Structures are given as C-alpha cells and as structure tokens.
Amino acid sequence: MAEATGVVTHRRDPQRVALRVLALSKTYPGTRALDSVELQVQAGTVHALVGGNGSGKSTLIKILAGVVPADPGGTIAVGADSRPAEQLTPAWAYGQRMRFVHQDLGLLGDLTVAENLFLGRRYPTTAGGISWRRVHARARRILDQQGLDLPTTARVHTLRPAEQTILAIARAIDDVDAPDGSRALEPSLLVLDEPTARLPATEAARLIAAMRRLAGEGHGVVFVSHHLDEILDCADVLTVLRDGRHLLTRPTAGVSAAELTALVAGRPTVTERPQPQPQPASRPPVAELRGLTALGLAPMSLDIAAGEIVGLAGLTGSGRTGLLELVCGARRRTGGSVHIDGRAVRPNRVRAAMRSGIAYLPADRASASGFLELPLIENLSAATLREHRGPFGLRLKHERAAGVALLERLDVRAPSSGAVLRQLSGGNQQKVILARWIATRPRLLLLDEPTQGVDVGARDDIHHLIATMAGEGAAVVIVSSDTDELLRLSDRILVLDRGHVTDERPRSAASRSWLDEHFYRANKPRKGAS
Amino acid sequence: MSDTSTGAESVAATARGATAERHRRTARALSRGELGERYGLVALLVAVTLVFAVSPETSANFLSASNIRTLLGNQAVTAILALAAIVPLVAGEFDVSIGATLGLSSMVAAKLMTEQGLPPVAAAAAATAVGATVGAVVGIIVGYLRVSSFVISLGMATLLGGVVTWYAKGLTVVGIPQPVLDFGNRNTLGVPRPVWLLVLTVLLLAYLLRYTIFGRTLLAIGVSRRAAELVGINSNIRIALAFLVSGTLAGAAGVVQLARTGSASAQVGPGFTLAALAAAFLGATAITPGRFNVLGTLVGVVFVGVTVNGLTLMGAADWVEPVFNGTAVIAAVSLSAIVARRKARLAA
C-alpha cells in the first residue's frame, strides 16, 4: 500500500536494535512491580509484550514513556542514545522518536482528520494565518502513507474503529512539525498498548496488517495484547512478563496457543471460596433472564438460583458491563424479559428494578457509584432513603443509626461517621457502596469489578460479604477481570465475547487455564450460546 | 456473621467495637481550620458591622433602628432570590434567569393590580405562577435535554427582559394599592413584613433540603448525576422541579419587590441576579463549607447588604454595589476552589 505512494525511503537495517532495556526495576510501596527486567526490540519487527494483570506490562510502558520514574540502576537505550532508567523524561523519549498509542487514542471525534493530525502542533501559516491548503495537503500525504482512503475533512467519529487507531498511529509517528516532512520518514519505536482490545475481529485484522507494514518500513513495534491468537498471527518475537519478572523472550514461530496460555497464566490455582455453599440446583431460581437483548448484546437467557453466584468472564467490550446495566434498567432493553421471584421486572427503569430486588454495583466508583463529596451516612442511605421517611419528613436519627450499624457490620474504617466518602481508602469506599446495596436486601446482586482498586484485606472482606449475601439467599452475578476472584467465588462461570456467551462451566469444571484460554483467545466471532 | 467464634474473630470483634466507638462519637470536635472555614464569613460580618458602628462617618446612622429596618427590608428580596438560586445550584445547575423572572413577576403583578383591577392577593398569586411557569420551562429544557443550564437560563433572562420591556411599553407602573404598599413597608412586631416572608421561605427551604427526599436527591445529583441515576433517581424530573422551585420563589420575590418600592419598571430585574448569586456563593463558603446551604446564604446576603449599606452611608456612589457584588462572586468562588483543593490533598 505504502509502496504505491512512492515516498518510502526508510533506512532498512534488520540488525538495528530499536530499544534495549537493562536491569529495569520499579518498587512501589509494598510491591515490586518490575524486577530486573530485560528487553530488546529489533527494528523492523513486531515485538509482543504478554502477561496477566499485575505482570508489570503497564509499569514498563509508563517508565518508557517517562511518566513513572524507575528505580535507580537500570538502563534504557533507544536508537543510539542510552540513559539511566531513573532519568528518563517524556521529552527524551520523544526526542528518541519513541511513540506511544494508548487504548484511549486521544482523538477528538468532532474534529476533522486533518485537525486531529495537527492537534497540539504548529499549523503551517501564510501571512500569519493558518494555511489550510497546506494542512490538508500534508494530511493527505500522511493518510496516503498509511493507506487510509479517507477525505482529510472527515469528522473522526465517522471513521471505523480500526481507521481511528491507524490515524492515531499515523499521528504518533509523523513529525508534522518538520517543515518538509522529511523526518516523518525516519523509523521510530512504536509502543501500542492494547490497540485491538476494542476492535471487532475484522477491524483487528486490518490494524494488524497496518502494524506489519510499519514493521516492514523499519519501525520497531511493541505490541501489547490479551488476544494470544493475534499475537501469534502478527508478532515476530514475544516476551512474557510474570509478576514483574522477565520470563522469556522467543520468536513466535513454532509457539502454539496452548503453550502461550500456559506461559502467561502459569500460576497455581486459588484458594477455595470463603464459605461453603449448598448445592444451587436444590434451590428455586431467583432471577430468570429470557432472551434479553440490547444494542450490542446477543439474546441472553440465564437462570440464577437462590444462593448461587454466577461469574461473568470476558474482556472489556465483551458486553459484560452492558448486561448488568441492562438487567438493572440503566440500559435500554430491546427485547426479552427479566423475572425476579417469578415477577416480571419493568424495563428501562432503575427504580423499578430496585423495587423488584435488583441491586447494581457499578465498576467506576468515582463517577457511577460513589458520592465522593457526601457524608458516609448519605452515601449509605442513597438507595433506601424512603425507608427513613416519617410523618414530618426524613428521620435523620433513624437514617444515621441505620448507617452506623452498616459501618459497624462491614467494619468500615473511617475517621468518623461524619466523614465524606472521599476521605476513605478505596477498599473502605467500596464497602460503603456495597453496604448501601446490602441495605436494600437485594434478591439479585449485580457486581461489576467489586474489588477493583481495592487492597488485599478489603478484598477478602468483600468476598466474605458477597458469600454471606449469597448464603442468605440472594442470587449474585459477578463481572470481574480478576480470574482468581471468579474462580474463588463463582458456582458457575460464563464466558462472554462480543455480546455472546461462548462457554459455560460449573465451578467444579472451571480452571484457571480454561479461563485464561478464553481471556486470551477471545478474538474470533462465535455463534451465540442461546 | 458466623455462629462459631474463634480467637481471631473475637480479636476482630474488639477492633470492630473500637471502630464503632469512633463512629458513635460525632464529628463535633472541629479543628481550628474547620472552625475558621465554617464561621469565617460570620466573623467577617461581625468585623464589618463593628467598623461601621464605630467609624465617625457612619456611627450616627448605621446602628439606628430605622437603618437596620430599611436594610433588612431591602435585603429580604435579595435573600428570597438567593434562596431561589441555591435550589438548582445544589443539583449542580445555574439559574441566571431569576433576576429577570423577578422583574417579569413584579411587572405582571403591578399591571394586574392597576390596569386590570385584580385584588392584590389574586394578582400576587398570578405573578408567582408566571414565575413558576418560567422556571418549569427552563427546568424541562435543562433536565430532559441535558443542556447547559447556564446557557438556557441566560437565554431565558434575555428573552424575558425583552418581553417585560414590550409589556411595560417603556413605562414605569405606579399607583399600587395601599394594602400592597403596607405589606412592603410596615412592620409587624417591629420587623418589616417582607422579613417575615423571608423567615417563612427560610424554614420551608431548610426543611426541603434537609428533611425531604427531593432535597436529598438534588444533593446527590449535584455530586454525581450518573451515580444518582444508578440508585434509581429520575434526575430529569428532579432537575426540572428544582427550576420550578427557583422560578416560583423568584416570582414571589418580584411581588415583594413591587410592594416594597411601589412601582414596577423594565429596569428592576436584571441587577438582582448577580446579587443573589453572590450571596449564594458566599454562603457556600460558610456553615457547611463546600455545600450551598440556607443559613450560609442568609449570612452571605446580610454580609453583602451590610457592607454596601455602610459604604453608601460613608458617601460612596451607586457604583459601589455592582463592584462589591462582582468582587464577592469572584472571591467566594475562588476561595471555595482553593479550600476544596486543599481538602482533596489532605484526604489523599
């Protein structure tokens, strides 16, 4: 594609090392995020960086970008220049032509392609004004180089997802500031952090083709992905990180998906669920979802028994959060039904769902569940305010007593019950919000990443609470990216991929390797389970 | 949680007891910084009052009963309007149309009383209803279309300004019936009657914000609309209702203004908006800092009123009031931002 434009004059030197990382360590209070990690990326190759949550991938990338300082002692070399790792700055990284494209692409959807390409850079001017002719000519050249057949005046939100990602990459590697654009042709080290995570399979294929082409033009490409299939499809070399250590680096040729899965997961399975549960089969269903549909979600049917905990596994964008929002009435239902204890739940109304006994704990505490500036008591009573109504309005003492009882029951650590939510640690905040829903005595508890950003102690407490709620007869659905959590709590685990349930196993048959395989291979469209 | 009690659990139970003890002790013991935040504006008000009370230019008149009555009577209108402003502000929305609504309402009441010969009570009710309607229109647009309340209410304010000018035909309406003027200017139990209406409004609003589900939902929406919706709050209608309340109160304030001055003209309304907002923002820095609150707003109104009154007695010209109001808004908002940032840092 690029060859057709006839402007490709890159230095091609297969032996050139684009990036060398030596003895890189990073210590956070209490944890060692990176431990003497080594990494070498050749120019002209796609180098995949693989590892589970907490493996140190993100820390490594943040250090390379100069955003997070490394511990002293390491060395980072890009191109010809090298530096002690702790002295890396964003300016140096940029000067060495290191470029980053994050999952959030940083494009402004309402602006045009050309405007996005020049975002934050100097526009070419004539007589003091912006020369739009030259802006569009330059944008045209960049688009042609990337094989993007788009008008430069197109609004970015009208682009396909893969096109947006390629546009972001094009912007990253292109020095628009250079007057003649000559430096734009110099190869760079490109770091792509989960660029395919939100793309459907066909779009991902297009992006992978673009990555291969960039490598062919002499760029070094570091590629982070959870889709092991993609990695095997597209990377030349792969490096596996585990628990902050460099596990191995090897060519992808000859590696099978199963092998790679084992390498990435490679951890013993977890402890048992904190409280033994009676067999769910012996109980009547509390929640019945029948042919439930919404935008981006295939028809979904699911029965959840009293005391049963159902785990929902799947990557971001698999529809797992959407499903919870749909059941709790926060997302538009296009078809199907939800019954709680045999009674139909009115769609599209959170309050109606709450009255039927549905409680939804969103993942995003800061914006979707916590009232950070409000006192704990008001956070706790937010879903049950009506219970504190008396003949002369709200009974504040009653509300307060109920709140304090909840704080005690969940052992929430707070400076005082008059504190506002923001003053608490993440774990205690999450307990407060969980307590808010416990106060509604839910029949169906929907939990989205219940222990995200929560410390280990609070995580255990929260797991206990969830198990206790189930023990008292509630039906529970847990969405989690944390494989341990799913295996620890769930009676049954469903795998969701792009709106479809692709697999289901009871706890006895579920294993870490089975889940990991799904997490990492879930990138091909499959038929719906229903 | 469990029936069996192990050693570890009893240790946990003891720790839990200690936490509970902490929870029981309410946050009555305030640090010096918190005290300063809470009562800083009150202290400033006292200081300003003292200065005017002793300084030679003003001491003769400032603390006289008649000056205080005039001051309070005049400020009652601003105070009702400031209370109107805090209802949408609590929910995170601006209503900058309150001044214009006040102007429209006072003009409607004046015309109905004089030209149509309606009994004063009926005219007052009709004018208040007009205010309520304006509030409802702004509220429905802002709440259901989720557009910027600042822009919509600013547009409404401009629109109403034009409507009032057209309706008044450029004239000042006078000849207001005596009972109405009596309400505006006589005292009951030594206190100007508009102040009694203010007291009623204060009680109603304090109850509304603290003891009703509606008030608490507005507060929740103001902190996070998304989180409020996910606990089952219909934020669209609540926001619409908040504007309905502010419009109604602004309408009532217009009637009081008419009773107080005995005339209505197209020039009456606009100047009130910023005075009311200044008091509301000053109020958010006092009593319960960071929150718009009824008592703080009252302190804000009195503070602005006393200062402007004192400066006027010292011989300052008309320009003092807008300069002071503008300064108060800028200072209050900047100050609360600084305080909020410091708090966030302390919490982190």
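We did not get these values from a lab; they are worked out from the coordinates using the rules stated. Note that this is a predicted model, so its numbers are computed, not measured. Positions of Cβ are generated from backbone atoms using ideal geometry, with glycine treated the same way; all protein chains shown enter the neighbour counts.
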For this session: Could you tell me which of A:Ser131, A:Ala162, A:Asn116 has its Cα farthest along the dipole of the stretch A:98-168 towards the positive end, charges placed at Cβ (Lys, Arg +1; Asp, Glu -1), taken about the Cα centre?
Result: A:Ser131
For this session: Quick one: compute a quarter of the convex hull surface over the Cα atoms of the protein assembly as shown and quote it in nm².
Result: 45.3
Problem set entry | Cα centre as origin, Lys/Arg/Asp/Glu Cβ charges: chain A dipole, Debye | 1260
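Only Lys, Arg, Asp and Glu count, each charged at its Cβ (+1, +1, -1, -1), so figure out the dipole size of the stretch A:285-521 about its Cα centre, rounded to 20 debye.
1020
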Exercise. Over chain B, what is the relative contact order in whole percent, taking alpha-carbon pairs under 8 Å and six or more residues apart?
Worked result: 30
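Please say if the stretch B:36-347 is rounded, prolate or oblate, where rounded means a/c under 1.5 for a ≥ b ≥ c the square roots of the C-alpha gyration tensor eigenvalues, and otherwise the choice is prolate for a/b larger than b/c and oblate otherwise?
Oblate, because a/c is 1.5 or more while a/b does not exceed b/c.
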Exercise. Using a Cα distance threshold of under 23 Å, what count of lysine pairs results for the protein assembly as shown when pairs must be 8 or more residues apart or interchain?
Worked result: 5
Exercise. Which whole number gives the average, over all residues in B:214-227, of C-beta atoms from other chains lying within 10 Å of the residue C-beta?
Worked result: 5
Seminar exercise, completed: Within 10 Å of the Cβ of an average residue in A:465-472, the count of other chain Cβ atoms is 1
For this session: Kindly write out, for the stretch A:79-88 in residue order, the coupling ³J(HN,Hα) from the Karplus curve 6.51 cos²θ - 1.76 cosθ + 1.60 (θ = phi - 60°), rounded to whole Hz, with x marking Gly and Pro.
Result: x, 8, 9, 9, 8, x, 4, 6, 9, 5
For this session: Round to the nearest 0.05 the FRET efficiency obtained for B:Ile68 and A:Arg389 when R0 = 35 Å and r is the Cβ-Cβ distance.
Result: 0.30
For this session: Can you tell me the FRET efficiency between A:Ala401 and B:Trp196 if r is taken as the Cβ-Cβ distance and R0 is 56 Å, rounded to the nearest 0.05?
Result: 0.95
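How big is the charge dipole of the stretch A:105-186 about its Cα centre, in debye rounded to the nearest 20, if each Lys and Arg gets +1 on its Cβ and each Asp and Glu gets -1 on its Cβ?
200
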Exercise. Angle between the Cα long axis of helix B:32-54 and the longest principal axis of chain B, 0 to 90 degrees, nearest 10?
Worked result: 30
Seminar exercise, completed: Residue span B:Val320 to B:Trp166: 0.36 nm per residue of separation minus Cα-Cα distance leaves a gain in nm of 52.4 nm
Seminar exercise, completed: Expected integer from the mean partner chain Cβ neighbour count at 10 Å over A:409-416 is 4
